[in-house]
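The values are calculated or read from the model by the stated rules, or taken from the named source; none is laboratory data. All values derive from a computational prediction rather than experimental measurement. Here the Cβ positions follow ideal geometry from the backbone for every residue, glycine too, while neighbour counts run over all protein chains shown. Side chains included, ligands, DNA and RNA excluded: accessible areas come from the protein's heavy atoms. Shrake-Rupley method; radii C 1.70, N 1.55, O 1.52, S 1.80 Å.
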Amino acid sequence: STDPVVDLTHSRNITMIATQLTTSASSVPYQLKDVATLVDQNLILYSSGNITDMRVTISGNFQTGDVLSYTGSLPSGITGGTYNSTTGVLSFSGTTSAANWQALMRTVKFSSTSLVKMNRTITFSAGNQVAFTNGHFYEYVSTTSNWATAKTNAAAKTYMGLTGYLATITSSAENDFIRQKLSADAWIGASDDYAYINAATGTTTYASQTTAEGNWYWVTGPVGEIGTQFSTGNNSPVAVSGRYNNWNSGEPNNSGGENFAELYSSGSVGKWNDLGTSSSLGYVVEYGGLTSDPLLVLSANRTMSINSVLPVTGLNYTASKAGNTTLMNWSTNFESNTDRFDVLRSSDGLHFSKIGTVAAAGISSEKRNYSFADANPMAGDNYYRLQQVDLDGKSVFTEIKHLLFNFQLMELSPNPAITAIIVSSNIGVQPKELKIMDLNGKVVLRTMLNESRQSVSVMSLPRGIYIASIPADKASVRFIKD
């Protein structure tokens, strides 16, 4: 009883995970019609052993024109890298280490020619099945049977330690994802059969089929979904508690005693229908979410954040010399809401100033050609780039082109001069001072040069010989005032 109150020990459970796949961040920005962008160059994949097969899927808001590609080298024993433009799946086959898969997955890129401005979800998944954003895997089994047999067979299937069940669909996004992967009509895990409902709810919810008819439940799946009613009524069903359903028009109709749900892959694609015990279909197996599943992290998501369309695609331009003139030519393959192209020039490649503007097409899906001539390039280095400006003020820059003009740093005409001289010089971003001195070195006139060719009045100077100098360039020219 005399011991002090102390706390000398603590315990912490360590959960051992055999395989874990994680993305480094939640999203990456992308402009539609832009070049392919890395999805996640810092993705992490750990496994205590080798991994067989990988899939990368556009699992959310997939659109025609979306493309997944990769730039890395396939590890020894790995084949594929093929992309299915219908399902949005990039597939790799073979067995290799997690480190090799990680290096390859970090090179996966996304691009799109679509104009649908919605975020896309990219899901990386281990194994030969595709994963949805919820981390569950889905498999279409083409072997046909009645619904009861399909339910039994689905529950007997396993995938990387996960136990299967007839798919439950609780959102439009999940419905679209499964429909995207289907090749034929298929059974899903819904029924209004009172025996299956009672088994799913674990109690006598309905005493007969008469009382159960038209009350549709998920009778498979994990806790939170199995035993959950989602609609009531035939022909014009009503959603229960706002839960998702996607019945086809006039369905379910219990025509001839139909108590089991199917998902259409043709006709009314993605819609649901009720069928009876004599019908024979393939089925969709879902894996993941069961309390009996081992702790595995077999998939991870990355969002391509999309809120704009690249206003110009296929922009290529050149800058070339034609005597003492710079000729710039460029073209575009596609334009959307473009306003203009500003032509920028620099003497150091860092500080640019606008020397001209060319109006853009605005909206065009055809090749457009543009040109601009810089008749007064600077002596020495000339760096050029284009700034493409949208109607909303947003802009993007092109790469920089470099040209070297070897004419003098300073030229002066006419010589002799009577009223004015034209000074040609290398004017960058900042104005430069011009000094005119007599032969004794006395400064008789000062002015600032703001243009590469600028007229300077010498009317006030008496007749004689003078020296025009630009100190910043250490350049000077002797001239005669007549």
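This table checks each residue for (1) in a strand (DSSP E or B); (2) on the phi < 0 side of the Ramachandran plot.
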position	(1), (2)
28	yes, yes
42	no, yes
45	yes, yes
77	no, no
Any hit, segment 115-132, residues being at negative phi, of a type outside the set (A, V, I, L, M) and in contact with a Phe, Trp or Tyr (Cβ under 6 Å, 6 or more places away or on another chain): yes
For segment 335-346, does any single residue satisfy the condition of being of a type in the set (A, V, I, L, M), open to solvent by less than 70 Å² (accessible area, probe 1.4 Å) and within 24 Å of residue 380 (Cβ to Cβ)? yes
Among the candidates 125, 114, 142, which residue alone is polar (S, T, N, Q), farther than 30 Å from residue 197 by Cα and either part of a strand (DSSP E or B) or touching a helix residue (DSSP H, G or I) at 6+ places or on another chain (Cβ under 8 Å) (or both)? 125
Does at least one position in segment 197-215 carry a residue that is open to solvent by 30 Å² or more (accessible area, probe 1.4 Å), outside any loop (DSSP other than H, G, I, E, B) and either on the phi > 0 side of the Ramachandran plot or in contact with a strand residue (DSSP E or B) (Cβ under 6 Å, 6 or more places away or on another chain) (or both)? no
In the set 42, 50, which member is open to solvent by 40 Å² or more (accessible area, probe 1.4 Å) and either among the acidic types (Asp, Glu) or free of Cβ contacts under 8 Å to residues at least 60 places away in the same chain (or both)? 50
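Kindly evaluate residue 262 against the criterion of being under 14 Å from residue 146 (Cα atoms), out of contact with any Gly (no Cβ under 7 Å at 6 or more places or on another chain) and surrounded by 14 or more Cβ atoms within 10 Å (Cβ to Cβ).
yes
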Given the condition farther than 15 Å from residue 40 by Cβ, in contact with a Lys or Arg (Cβ under 7 Å, 6 or more places away or on another chain) and not small (Gly, Ala, Ser), answer yes or no: does some residue in segment 95-102 qualify? no
For segment 293-311, which residues satisfy the criterion of being polar (S, T, N, Q) and at pLDDT 90 or above? 299, 301, 303, 305
How many residues, within segment 265-275, are at negative phi and assigned to a loop (DSSP other than H, G, I, E, B)? 5
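Conditions (1) among the polar types (S, T, N, Q); (2) at pLDDT below 95, marked per residue:
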{"residue": "134", "(1), (2)": "yes, yes"}
{"residue": "144", "(1), (2)": "yes, no"}
{"residue": "147", "(1), (2)": "no, no"}
{"residue": "151", "(1), (2)": "no, no"}
{"residue": "157", "(1), (2)": "no, no"}
{"residue": "162", "(1), (2)": "no, yes"}
{"residue": "165", "(1), (2)": "no, no"}
{"residue": "169", "(1), (2)": "no, no"}
{"residue": "173", "(1), (2)": "no, yes"}
Output the residue which, of all residues in segment 320-336 that are of a type in the set (S, T, N, Q) and part of a strand (DSSP E or B), is farthest from residue 400 (Cα to Cα). 336
In segment 250-277, residues that are farther than 29 Å from residue 158 by Cβ and modelled with pLDDT under 95 total 7
Where in segment 372-482 are there strands (runs of 3 or more DSSP E), lying wholly inside it, with at least 2 residues that are modelled with pLDDT of 90 or more? 380-390, 401-405, 420-425, 432-438, 443-449, 453-457, 464-470, 475-481
Candidates 184, 190 - the one that is among the hydrophobic types (A, V, I, L, M, F, W, C), open to solvent by less than 40 Å² (accessible area, probe 1.4 Å), under 39 Å from the mean Cα position of the chain (by Cα) and at pLDDT below 95: 184
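Yes/no matrix, rows are residues, columns are (1) over 23 Å from residue 291 (Cα atoms); (2) of a type in the set (Val, Ile, Thr):
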| position | (1), (2) |
| --- | --- |
| 112 | yes, no |
| 117 | yes, no |
| 126 | no, no |
| 133 | no, yes |
| 149 | yes, yes |
From the list 24, 1, which one is outside any strand (DSSP E or B) and more than 25 Å from the chain's Cα centre (by Cα)? 1
Restricting to segment 276-303, count the residues that are of a type in the set (A, V, I, L, M) and either part of a loop (DSSP other than H, G, I, E, B) or closer than 15 Å to residue 20 by Cα (or both). 6
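Hey, does segment 176-192 have a residue that's assigned to a helix (DSSP H, G or I), in contact (Cβ under 8 Å) with a residue 12 or more places away in the chain, more than 17 Å from residue 252 (Cβ to Cβ) and touching a Leu at 6+ places or on another chain (Cβ under 8 Å)?
The answer is yes, given that some residue of segment 176-192 is assigned to a helix (DSSP H, G or I), in contact (Cβ under 8 Å) with a residue 12 or more places away in the chain, more than 17 Å from residue 252 (Cβ to Cβ) and touching a Leu at 6+ places or on another chain (Cβ under 8 Å).
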What is the residue count in segment 233-253 for residues that are exposed (fewer than 12 other Cβ atoms within 10 Å of the Cβ) and polar (S, T, N, Q)? 3
May I ask you to verify whether residue 338 is out of contact with any Asp or Glu (no Cβ under 9 Å at 6 or more places or on another chain) and among the hydroxyl-bearing types (Ser, Thr, Tyr)? no
Please find, within segment 53-73, the residue that is least open to solvent (accessible area, probe 1.4 Å) out of those that are in a loop (DSSP other than H, G, I, E, B) and within 19 Å of residue 88 (Cα to Cα). 65
Which listed residue is polar (S, T, N, Q), open to solvent by 60 Å² or more (accessible area, probe 1.4 Å) and at negative phi, from 426, 415: 415
Could you list all residues from segment 354-371 that are among the hydroxyl-bearing types (Ser, Thr, Tyr), touching a residue at least 24 places away in the same chain (Cβ under 8 Å) and open to solvent by 40 Å² or more (accessible area, probe 1.4 Å)? 365, 371
